[in-house]
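Okay, structure first, notes after.
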Amino acid sequence: MNRVRILQSLYDFGPLSRAELARVTGLSRSALTVIVEELVRQGLLTQEAARPSSPAGGKPARPLWFAPDSPPLIGVHLLPGRVEAALVSAGGKVLTKAERLFSAEPDAKAAVEALVSATAEVAGAASTTPLGVGVAVGGMVDSDTGTVVKVALAPELDGLPVGRTLQDRLSMDLVCVDMHPRAQALGDRWFGQGRGRSHFASVYTGEALGVGLVLGGDVHRGPAGAGGEVGHSIVQVDGEPCHCGQRGCWETLASHSWLRAQAANRGLPGATTLGAGALSRLAAARVPDAAELLGEWADNLAVGLVNLHQVFAPGLFILHGDTVAGGEELRSRIERALHSRIPPHPGGPPQVAFTALEDQATLLGAAGLVLSRHFNTPGPTPPRHTPPEERTRHAMP
């Protein structure tokens with residue numbers, strides 16, 4: 001248990017010196033030294049270069065971090081027509097990637113071969129046996145069985161036993177499968193702006209909307225992996241029809257489909273492919289109606305965040321997907337719209353941040369599925385003393 005506490009504290013707040021680890025974990029220096037020395041001998045941890053001495057003097061500290069040759073992780077993203085896989089170091093660095101395309105077939109044979117081939121390629125690049133494989137799926141998943149339930153744009157994947165397939169074909173002992181937004185949240189939790197936080201929401205934006213909620217340090221899952229389909233929460237009872245069959249879903253007001261339809265109605269250039277980056281540039285260039293549309297879109301995005309805040313109060317919303325290309329102007333508009341719709345709270349208003357993981361969040365999150373299962377702990381180790389503040393706010397080095 002103390003070994004897990006040390007490793008988890010490094011993921012949450014590291015790199016850390018022995019003295020900092022002792023403060024964060026509450027372990028005695030003698031107990032910590034015994035465990036750390038064993039982890040170093042096993043090749044899991046290494047001592048980095050000494051930090052400069054503090055003004056008060058003393059021996060320079062040598063931070064502990066994960067060794068380059070410690071057992072890596074494999075992250076896989078299964079999408080309609082495409083599989084992406086990555087070998088990820090224990091410290092969260094993508095070491096190598098592979099991609100396979102596949103055609104739609106009723107029996108999903110092409111998808112299975114692409115999944116196995118891409119995963120096998122990155123596994124073959126590992127110098128030591130990977131700790132396990134995590135798979136993020138762009139659709140509904142039964143995370144208990146590792147089976148795809150439904151992928152709207154790729155019905156041939158429905159019912160595909162992803163977990164069992166990789167276990168059988170590649171002799172992988174640990175295979176974890178979950179839906180894309182929850183895996184994305186784990187990317188934030190282990191390697192991004194969610195490090196060291198017990199509560200936050202990871203929100204995907206673009207063609208669709210989804211959320212992964214981290215509450216009490218653990219990703220929230222309903223029975224058999226249900227939940228996360230926040231794009232289909234109702235925000236307007238008599239609203240526009242949604243492709244899911246309901247009316248007034250959040251996606252009908254805040255996805256690309258709404259944005260592009262509105263851009264076309266207003267005669268904005270490039271309306272059929274418009275995204276956050278292009279719209280922000282049009283607004284900055286004072287193209288008529290562009291700034292107004294940017295503000296409306298920010299308001300509509302904020303509506304869904306308001307509902308999440310009122311129920312779960314995650315404190316931090318980390319946005320992924322297309323909105324990130326909108327830059328600080330869009331981020332600040334969303335945050336202001338969010339703050340204007342919620343009452344004051346003693347904990348202060350929630351923050352809105354754009355991911356710093358860019359296009360690797362899902363692959364890192366899929367790898368994070370393995371870490372969560374491996375540690376089997378609810379979340380960040382509660383520090384006995386407050387750790388260095390900046391380490392809880394920034395992405396992994």
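When you check A125 against the structure, is it of a type in the set (A, V, I, L, M, F, W, C), closer than 20 Å to P80 by Cα and either surrounded by fewer than 24 Cβ atoms within 10 Å (Cβ to Cβ) or not assigned by TED's automatic domain parsing to the domain that holds A86 (or both), yes or no?
Numbers: of a type in the set (A, V, I, L, M, F, W, C): yes; closer than 20 Å to P80 by Cα: no; either surrounded by fewer than 24 Cβ atoms within 10 Å (Cβ to Cβ) or not assigned by TED's automatic domain parsing to the domain that holds A86 (or both): yes.
So A125 fails the test.
Identify, please: which residue in segment 215-235 is assigned to a loop (DSSP other than H, G, I, E, B) and aliphatic (A, V, I, L, M) and is, among those, surrounded by the most Cβ atoms within 10 Å (Cβ to Cβ)? Steps first, answer last, please.
Within segment 215-235, the first condition is being assigned to a loop (DSSP other than H, G, I, E, B), and the residues that meet it are 216-217, 220-222, 226-229, 233, 235.
Now narrow it down to the ones that are aliphatic (A, V, I, L, M): 226, 235.
Values: A226: 14, V235: 17.
My answer is V235.
Quick check on this structure: which one of G132, G91 is within 28 Å of A353 (Cα to Cα), crowded, with 17+ Cβ neighbours inside 10 Å and not assigned by TED's automatic domain parsing to the domain that holds A208?
Details: G132 fails: within 28 Å of A353 (Cα to Cα).
After ruling out the rest, the residue left standing is G91.
What is the one condition in (1) part of a helix (DSSP H, G or I); (2) crowded, with 22+ Cβ neighbours inside 10 Å that L282 does not satisfy?
Just one mismatch for L282, condition (2).
Go through segment 152-167 and give me each residue that's outside any helix (DSSP H, G or I), touching a residue at least 24 places away in the same chain (Cβ under 8 Å) and touching a strand residue (DSSP E or B) at 6+ places or on another chain (Cβ under 6 Å).
Result: L160, single match.
Looking at segment 77-117 only, could you name the residues that are modelled with pLDDT under 90 and either closer than 15 Å to V133 by Cβ or of a type in the set (D, E, K, R) (or both)?
Passing the criteria: A90, E105, D107.
Could you give me the residue pairs with C-beta distances under 7 Å whose first residue belongs to segment 289-300 and is assigned by TED's automatic domain parsing to the domain that holds Q262 and more than 19 Å from E251 (Cβ to Cβ), whose second residue is crowded, with 18+ Cβ neighbours inside 10 Å and not polar (S, T, N, Q) wherever it lies, and which are 6+ apart or on separate chains?
Note: pairs meeting the criteria are D289/L268; A290/L268; A290/L279; A290/L282; A290/A283; A291/A283; G295/R333.
Among A61, A108, A85, which is over 25 Å from the mean Cα position of the chain (by Cα) and under 25 Å from P155 (Cβ atoms)? Quick ask: steps written out before the conclusion?
Values: A61 fails: under 25 Å from P155 (Cβ atoms); A85 fails: over 25 Å from the mean Cα position of the chain (by Cα).
When all the criteria are applied, what remains is A108.
Suppose we filter segment 89-129 for residues that are assigned to a helix (DSSP H, G or I), more than 15 Å from G163 (Cα to Cα) and in contact with a helix residue (DSSP H, G or I) (Cβ under 6 Å, 6 or more places away or on another chain); how many remain?
0
Please go through segment 256-277 and pick out each residue that is without any contact (Cβ under 8 Å) to a residue 40 or more places away in the chain and either touching a strand residue (DSSP E or B) at 6+ places or on another chain (Cβ under 7 Å) or assigned to a helix (DSSP H, G or I) (or both).
Start the filter on segment 256-277 by keeping residues that are without any contact (Cβ under 8 Å) to a residue 40 or more places away in the chain, which leaves 259-274.
Hits for segment 256-277 are L259, R260, A261, Q262, A263, A264, N265, A271, T272, T273.
Cβ-Cβ under 6 Å, sequence separation 6+ or interchain: first residue in segment 20-32 and in the same structural domain as N2 (by TED's automatic domain parsing), partner buried (at least 20 other Cβ atoms within 10 Å of the Cβ) and polar (S, T, N, Q). Which pairs?
V24/S9; T25/S9
Give me the pairs, please: first residue somewhere in segment 213-241 and at positive phi and without any contact (Cβ under 8 Å) to a residue 40 or more places away in the chain, second residue anywhere and crowded, with 16+ Cβ neighbours inside 10 Å and not in a helix (DSSP H, G or I), beta-carbon distance under 7 Å, and either six or more positions apart or on two chains.
Hits for this filter: G227/H220; G227/R221.
Consider I74 against the criteria (1) at pLDDT below 90; (2) surrounded by 18 or more Cβ atoms within 10 Å (Cβ to Cβ): it satisfies all of them except one. Which criterion is unmet?
(1)
Just to verify a result, which residue in segment 11-47, among those that are farther than 22 Å from L131 by Cβ and among the small types (G, A, S), is surrounded by the most Cβ atoms within 10 Å (Cβ to Cβ)?
It comes out as A22.
Is one or more of the residues making up segment 187-205 free of Cβ contacts under 8 Å to residues at least 60 places away in the same chain and not in a loop (DSSP other than H, G, I, E, B)?
Within segment 187-205, the subset free of Cβ contacts under 8 Å to residues at least 60 places away in the same chain is none.
There is no residue in segment 187-205 that is free of Cβ contacts under 8 Å to residues at least 60 places away in the same chain and not in a loop (DSSP other than H, G, I, E, B).
Evaluate the following for T323: is it in contact with a Ser or Thr (Cβ under 6 Å, 6 or more places away or on another chain) and closer than 23 Å to S280 by Cα?
Numbers: in contact with a Ser or Thr (Cβ under 6 Å, 6 or more places away or on another chain): yes; closer than 23 Å to S280 by Cα: yes.
Considered against the rule, which asks whether it is in contact with a Ser or Thr (Cβ under 6 Å, 6 or more places away or on another chain) and closer than 23 Å to S280 by Cα, T323 comes out as yes.
Could you please find all residues in segment 168-184 being more than 21 Å from T362 (Cα to Cα) and either assigned to a helix (DSSP H, G or I) or under 20 Å from the mean Cα position of the chain (by Cα) (or both)?
Quick first cut of segment 168-184, residues more than 21 Å from T362 (Cα to Cα) only: 168-171, 173.
Scanning segment 168-184 gives D168, R169, L170.
Looking for whichever is closer than 26 Å to G227 by Cβ, at pLDDT below 95 and among the aliphatic types (A, V, I, L, M) here; the options are L371, L316, L338. Which one fits?
Values: L316 fails: at pLDDT below 95; L338 fails: at pLDDT below 95.
L371 is the lone residue from the list that is closer than 26 Å to G227 by Cβ, at pLDDT below 95 and among the aliphatic types (A, V, I, L, M).
I'm trying to understand the selection: among the residues of segment 318-341, which are of a type in the set (A, V, I, L, M), without any contact (Cβ under 8 Å) to a residue 60 or more places away in the chain and under 14 Å from A201 (Cβ atoms)?
Selection gives I334, L338.
The values are calculated or read from the model by the stated rules, or taken from the named source; none is laboratory data. Computed from a prediction, not measured in an experiment: that's the story for all the values here. Note that each Cβ is placed from the backbone with ideal geometry, even for glycine, and that neighbours are counted across all protein chains shown.
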